[in-house]
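Okay, so here's the structure we're looking at.
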Amino acid sequence: MTSVQTPKSDASRRSPLVTTALWICQLGAAGILFFAGQGKLAGDAHAISMFSDLGMEPAGRIAIGALECGAAILLLIRQSAVYGALLGLGVMCGAIIGHLTVLGLGGLPFALLVAALCVGVLYIRRRDAPFLRNLIDR
Amino acid sequence: MSTAKVDLQRLSRVANWVIPALAVACFLGGRFVSFWFHFGTVTFLFLTLMNLSYRFVQTRHAILRNFGVLGQVRYMLESLGPELRQYFFSSDTEERPFTRTERAEVYRKAKGIDAAVSFGTQLDYGPDEIKLRHSMFPTPKGNVEPFRLTFGDERGLPTAYTITKPILISAMSFGALGEPAVRALARGAGLAGIPMNTGEGGWPKHQLEEPCDLIFQMGTAKFGVRDEQGLLSDEKLRALASEPRVKMIEIKLSQGAKPGKGGLLPKEKITREISELRGVPMGRDVVSPPYHEECRDMPSTVEFIRRVQEVSGLPTGIKLCVGSFEELGALFAEMAARDVFPDFIAIDGGEGGTGAAPKPYIDSFGLPLLPALVGVHRILVDMGLRQRTKLLAAGKLIGAAKWAMGMCLGADAIYSARGFMLSLGCIQALQCGNNTCPVGIATHDRTLQHGLVVADKAVRVKNYIEGCTHDFESLLSSLGVRSARELGPRHLYVPPQSIVAGEVAS
Ligand SMILES: Cc1cc2nc3c(=O)[nH]c(=O)nc-3n(C[C@H](O)[C@H](O)[C@H](O)COP(=O)(O)O)c2cc1C
Ligand code: SF4
């Protein structure tokens, strides 16, 4: 077959320190995302008022909630963590835009924190996914 | 590629602006129309970053450097390839001149991935193909002698040149290839310790700036060593031969892709640099004659070889594509009579490659490599002249098994051109003549050359050479021989209907 090679993951070459950092990022991001996502899905008063301000109630609230929960689940599975991080980062970028333009700066630190954790995951796992590897291969 | 032709270059230039513009537009939409637009803002923002990273951060993938995210679409199609192609496009063994399977093997070697193939061959493996015959008693590893071949030793030249790998890079001119491709090849050849032929691109300025041994090719227009009339200038040849890294001279009599035909260098293509390196004036078309003005018949041809040998003081060979064995027999007889032999004869198969040639010549002129090689070898043996020269063979010999087959049929070493283009990342887009090569090899367009990172591709060239040489040694062991010199027709299975079958039987 002429199929693409699957190179060995870098997992074996990671130092324990980096592995710990990786799991802190993954668990932290997943935890916050899941908490936020399930709140939106369950219809918290806070979430409803936020999405009313954005003019996306209820469809936007449910869509974003689902994306957040999805990202959290993906983040917890080793093979899909990069995709979870990418999705999480995307949703957080949206959140940052929302806070900067409509909602006010109150929720911004949380969004920034999750975004940073996701970037951490992407950075540490940069060799795991072909699309990331292609971005930086030198 | 077998898909419909799209101008990826223009499209990607548009995409470079359109993607960030869409991000901005979506942002404005999100701000003033509906927050939903911000889904687009984020997506296009990511795509913009990705595009920038592909184009300027990574250096490994020429297509991505040149076309950014649009190039990625091509990669995605390729990874879905086996399934898609099976139904919509062409199969793994259908593409020409090199099948996808053949190309994939070169790419793997070049990337240093040593992948075994699983389950079985993708070829038909019918009885009508030439195959190698292994021995029941392979030579133990370590007993296979390292490869060595010396050019010019019959003439006792102090400048005799020895190669230690069975492969040489065949002629590809600066002109047909762009500067980065030439440099990457030269650097890779230097790293692997094999010589590179300059092609008829004139004075090898770029090659000389890289650390590799060179075989200077003198085409019929004698670019680089011509006088005003387009004849050989002894003085310039002497100057060239005194460059320490120019090790051999090759007089090109004809080329497989366009035997019996000269080329035309249109004045639009003659940049200041090309004009200087080739020694031709700017602003005028330059015609390469179909043969050397100095070689009007057999005696003058042989005398011309003698002249180049004497003036250069280097091992000097000829390159030709075989048309008629009678003519060649007469040429060899003349050589014997005058006791002048080229130090090597490179046989170019009619299936050979080129930057550009008219279709009838590419498709229909010249003997295919194997019968040509077998015939020349046979004539030389019959005339008792075989030991006076070395035979090189070129024509789609990519990979160790093909090299071994060539050597079984009489070659002393192998010349390859397109194999090395593939190792540089050529995707066989077949646009070499249009200056639009998407991976920056056969083009002088700076924006396309951006894709080809010399340091990176040089390593791939080296890997390819070393991977194949390693395979070659293990093939020798499996064939039960100690050195490449022992290879002969008896190591081949040649189907009875093949034109070279008679040779193997005898
Ligand atoms: C892009 C390109 C440029 C070439 N330029 C020359 C040249 O300048 N002089 C020459 O004698 N042969 C030239 N050739 C022919 C090759 O040296 C070689 O003889 C031929 O392609 C057969 O080898 P291959 O099947 O390994 O490619 C060129 C081939 C290619 C593909
Ligand atoms: S145009 Fe470039 S990629 Fe296409 S066949 Fe020629 S060298 Fe290869």
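The values are calculated or read from the model by the stated rules, or taken from the named source; none is laboratory data. Just so you know, these numbers come straight off a predicted model, no measurement behind them. Please note: Cβ atoms are built from the backbone with ideal geometry, for glycine as well, and neighbour counts cover all protein chains shown. Surface areas here come from the heavy atoms of the whole protein model, side chains and all, with no ligands, DNA or RNA. Shrake-Rupley method; radii C 1.70, N 1.55, O 1.52, S 1.80 Å.
Kindly report the accessible area of the protein assembly as shown per residue (heavy atoms of protein chains, probe 1.4 Å, no ligands, DNA or RNA), in Å².
Result: 46 Å² per residue.
For the pair B:TRP36/B:ARG485, report the inter-label distance in nm, with labels modelled 7 Å from Cα in the Cβ direction.
If labels sit at B:TRP36 and B:ARG485, their model points lie 8.1 nm apart.
For the Cα atoms of chain B, what angle does the longest principal axis make with the long axis of helix B:454-478, in degrees from 0 to 90, nearest 10?
50 degrees
Using a Förster distance of 25 Å, how high is the FRET efficiency between B:ASP114 and A:ARG126, based on the Cβ-Cβ distance and rounded to 0.05?
0.50
For chain B, what does -39500 (n - 2.57) per DSSP helix run (n ≥ 4), summed and divided by total residues, give at 222 nm, in deg cm²/dmol to the nearest 500?
Here the helix-only value at 222 nm equals -12500 deg cm²/dmol.
Which value at 222 nm does chain A reach when only helices count, each DSSP H run of 4 or more adding -39,500 (n - 2.57), with the total divided by all residues and rounded to the nearest 500 deg cm²/dmol?
Result for chain A, helices only: -23500 deg cm²/dmol.
With only Lys, Arg, Asp and Glu charged, each at its Cβ (+1 for the first two, -1 for the last two), find how big the charge dipole of the stretch B:8-84 is about the Cα centre; round to the nearest 20 debye.
300 debye
Using the crude model of +1 on Lys and Arg Cβ and -1 on Asp and Glu Cβ, and no other charge, please compute the dipole size for the stretch A:15-136 relative to its Cα centre, in debye to 20.
500 debye
Arranged from highest to lowest average of other beta-carbon atoms within 10 Å per residue, in what order do the peptides B:288-296, B:167-175 appear?
Listed from highest to lowest mean packing, they are B:167-175, B:288-296.
Ballpark to the nearest 100 Å², how much total accessible area do A and B bury together, probe 1.4 Å?
Looking at A and B, the buried total is near 2400 Å².
Sort B:307-318, B:245-256 for me by packing, meaning the mean count of neighbouring Cβ atoms within 10 Å per residue, highest on top.
Peptide ranking by packing, descending: B:245-256, B:307-318.
So between B:VAL57 and B:ASP339, what do we pick up on full extension, going 0.36 nm a residue minus the alpha carbon distance?
In short, 95.6 nm is gained.
Gain in length, B:TYR493 to B:ARG10, computed as 0.36 nm per residue apart minus the alpha-carbon separation, to one decimal in nm?
Length difference between fully extended and current span is 168.9 nm.
Using 7 Å Cα-to-Cβ label points, what is the A:PHE110/B:VAL18 separation (nm, one decimal)?
Reported label-point gap for A:PHE110 and B:VAL18 is 3.9 nm.
Of B:PRO140, B:SER416, B:VAL439, which is farthest along the charge dipole of the protein assembly as shown in the positive direction, counting Lys and Arg as +1 and Asp and Glu as -1 at C-beta?
B:VAL439
Quick check: residue separation of A:ILE77 and A:LEU17 times 0.36 nm, minus the Cα distance between them. What number comes out in nm?
Full extension from A:ILE77 to A:LEU17 adds 19.6 nm.
What is the list of residues in the stretch B:214-231 whose amide nitrogen lies under 19 Å from a point 7 angstrom out from the Cα of B:ARG245, following Cα to Cβ?
Zone members listed by number: B:214-218, B:224-225.
Can you list residues from other chains, or at least 5 along the same chain, whose modelled amide H is less than 5 Å from the amide H of B:GLY317?
B:ILE249, B:GLU250, B:ILE251, B:ASP343, B:PHE344
May I ask you to list the GluC sites (Glu not before Pro) in the stretch B:119-214 that are in a DSSP loop and have at most 16 other Cβ atoms within 10 Å of their Cβ?
B:GLU129, B:GLU154, B:GLU209
Of A:CYS25, A:ALA45, A:ALA59, which is farthest towards the positive pole of the stretch A:15-136's charge dipole, taken about the Cα centre with +1 and -1 on the beta-carbons of Lys, Arg and Asp, Glu respectively?
A:CYS25
Using a 1.4 angstrom probe on heavy atoms only, work out the carbon and sulfur share of the accessible area of the protein assembly as shown in %.
61 percent
Highest mean first, what order results for B:131-143, A:49-61 on Cβ atoms within 10 Å?
Put in order of decreasing packing, that is A:49-61, B:131-143.
Have a look at the stretch A:89-122 and report residues whose accessible surface goes down by 40 Å² or more when the remaining protein chains are included, against the chain on its own, probe 1.4 Å, ligands and DNA/RNA excluded.
Buried by 40 Å² or more upon assembly, which counts only protein chains, are A:ILE97, A:THR101.
Set Lys and Arg Cβ to +1 and Asp and Glu Cβ to -1, take the dipole of the stretch A:15-136 about its Cα centre, and tell me which of A:HIS99, A:LEU74, A:LEU132 lies farthest positive.
A:LEU132
When the Karplus curve 6.51 cos²θ - 1.76 cosθ + 1.60 is applied with θ = phi - 60°, which whole-Hz ³J(HN,Hα) does each residue of the stretch B:21-28 get, with x for Gly and Pro?
For the stretch B:21-28, the Karplus curve yields 4, 5, 4, 5, 4, 5, 4, 4 Hz.
Could you state the angle between the C-alpha long axis of helix B:369-382 and the longest principal axis of the C-alpha atoms of chain B, as a value from 0 to 90 degrees rounded to the nearest 10?
Helix B:369-382 sits roughly 20 degrees off the main axis of chain B.
For chain B, what relative contact order do you get, as a whole percent, if you take Cα pairs closer than 8 Å and at least 6 residues apart?
20 percent
On C-alpha positions alone, give me the angle between the axis of helix A:59-76 and the longest principal axis of chain A, in degrees, nearest 10.
30 degrees
With +1 on each Lys and Arg Cβ and -1 on each Asp and Glu Cβ, and nothing else charged, work out how big the dipole of the protein assembly as shown is about its Cα centre, in Debye to the nearest 20.
Taking the Cα centre of the protein assembly as shown as origin, the dipole is about 1280 debye.
Which FRET efficiency value, to the nearest 0.05, is calculated for B:GLU276 and A:ILE48 with the Förster distance at 51 angstrom and r the Cβ-Cβ distance?
0.10
Quick one: if the Förster radius is 45 Å, what FRET efficiency do B:ALA356 and B:ARG133 give, using the C-beta to C-beta distance and rounding to 0.05?
0.70
Output wanted: per-residue J couplings in Hz (rounded whole) for the stretch B:152-164, from phi through Karplus 6.51 cos²θ - 1.76 cosθ + 1.60, θ = phi - 60°, x for Gly and Pro.
Karplus values, whole Hz, x for Gly and Pro: x, 6, 4, 8, x, 5, x, 8, 3, 10, 10, 9, 10.
What are the residues of the stretch B:12-40 that lose 10 Å² or more of accessible area, with a 1.4 Å probe, going from their chain alone to all protein chains?
Buried-area filter returns B:PHE27, B:ARG31, B:PHE35, B:TRP36, B:HIS38, B:PHE39.
Skipping prolines and chain starts, which residues have an amide H placed within reach, meaning under 5 Å, of the one on B:VAL322, given they are 5 or more residues away or on another chain?
Under 5 Å from the amide H of B:VAL322: B:ASP348, B:LEU367.
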